[in-house]
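J.: One structure follows; several queries about it will come next.
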Amino acid sequence: MLKYILSLSLLVCSLSSFAQQGKEMTKEEKKLANKGNPGLSIGIDLAPFINHIFSDERFGVEANARYTINRKWQIAAELGYENVDLDNDKMTYTSDGSFIRTGIDYNLFRVEEIGNNDNILLGFRYGVAVQEQSCPRYVVKEDYWGDVTNSLGSSTVGSHWAEFVFGLRSEIIKNFYMGWSVRFRTIVNVGTENELEPYSIPGYGRRDRTTNMGFTYTLEYHIPFSKRK
């Protein structure tokens, strides 16, 4: 899936570059194009709803905000909530938690026409999550003595991680953007004062991996800080 997405991205970038080849911009036009479209964007990530279809024990929502400084630099923040209800033959586990990710994106897209606000983004996020979790039942398999069933009470856990981001973002109609990103995530710290390790960390994913991949699919509305010419 990831290979397909990256291949499609390269194709889109190549077609965009080809389509923009034509007359050279004047110095004044280049200056205007490089200014970009400064302003504030707010949006929603559809990926948690997609994930819920394939993993019904997890449900979450995520909103985002993006401040475009200029053509090259953007500051981003992502805030969300996730609930996990897991019940199988090995354990019963519940978790409710919130998270925030903040960071910066750099736009690699070369503008060769005025009014083109598409982005090819390379960025970084730092994520923090706090969750309340409990394990009313877990089973330790033992062939000789027989299975042992026990429980662990409620606890609060804080987690930190870092993300490296690659994504595409395109203005589909004036001030409305659609985009997606691939995230490479790595754990920085998980609270160890509790007996129970998180099964899943809000905004990060499964805890049994110290690194994992994530995906976002966003719809955004952009509020420009100046009128377009």
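J.: Within segment 136-162, restricting attention to residues that are touching a Phe, Trp or Tyr at 6+ places or on another chain (Cβ under 7 Å) and modelled with pLDDT of 90 or more, which residue is surrounded by the most Cβ atoms within 10 Å (Cβ to Cβ)?
T.: Step by step, filter segment 136-162, then rank; the result is 161.
J.: Separate question: Check segment 166-178 and report whether any residue there is outside any strand (DSSP E or B) and basic (Lys, Arg).
T.: Quick first cut of segment 166-178, residues outside any strand (DSSP E or B) only: 174-175.
Cutting the leftovers down to basic (Lys, Arg) gives us 174.
The answer is yes, given that some residue of segment 166-178 is outside any strand (DSSP E or B) and basic (Lys, Arg).
J.: Go through the residues of segment 214-227 one by one and say whether even a single one is surrounded by 12 or more Cβ atoms within 10 Å (Cβ to Cβ), under 20 Å from residue 69 (Cα atoms) and β-branched (Val, Ile, Thr).
T.: Just the residues of segment 214-227 that are surrounded by 12 or more Cβ atoms within 10 Å (Cβ to Cβ), to begin with: 214-222, 224.
Then keep just the ones that are under 20 Å from residue 69 (Cα atoms); that gives 218-222, 224.
Going one step further and asking which of them are β-branched (Val, Ile, Thr), we end up with 218.
Among the residues of segment 214-227, at least one is surrounded by 12 or more Cβ atoms within 10 Å (Cβ to Cβ), under 20 Å from residue 69 (Cα atoms) and β-branched (Val, Ile, Thr), which makes the answer yes.
J.: While we're looking at this one, here's another question. Inside segment 84-114, can you point out the residues that are in a loop (DSSP other than H, G, I, E, B) and closer than 17 Å to residue 69 by Cα?
T.: The first filter runs over segment 84-114 and keeps only residues in a loop (DSSP other than H, G, I, E, B), leaving 88-90, 108-114.
Matches in segment 84-114: 108, 109, 110, 111.
The values are calculated or read from the model by the stated rules, or taken from the named source; none is laboratory data. Since this is a predicted model, take the numbers as computed values, not measurements. Methodologically, a virtual Cβ is constructed for each residue, glycine included, from the backbone with ideal geometry; neighbour enumeration extends over all protein chains shown.
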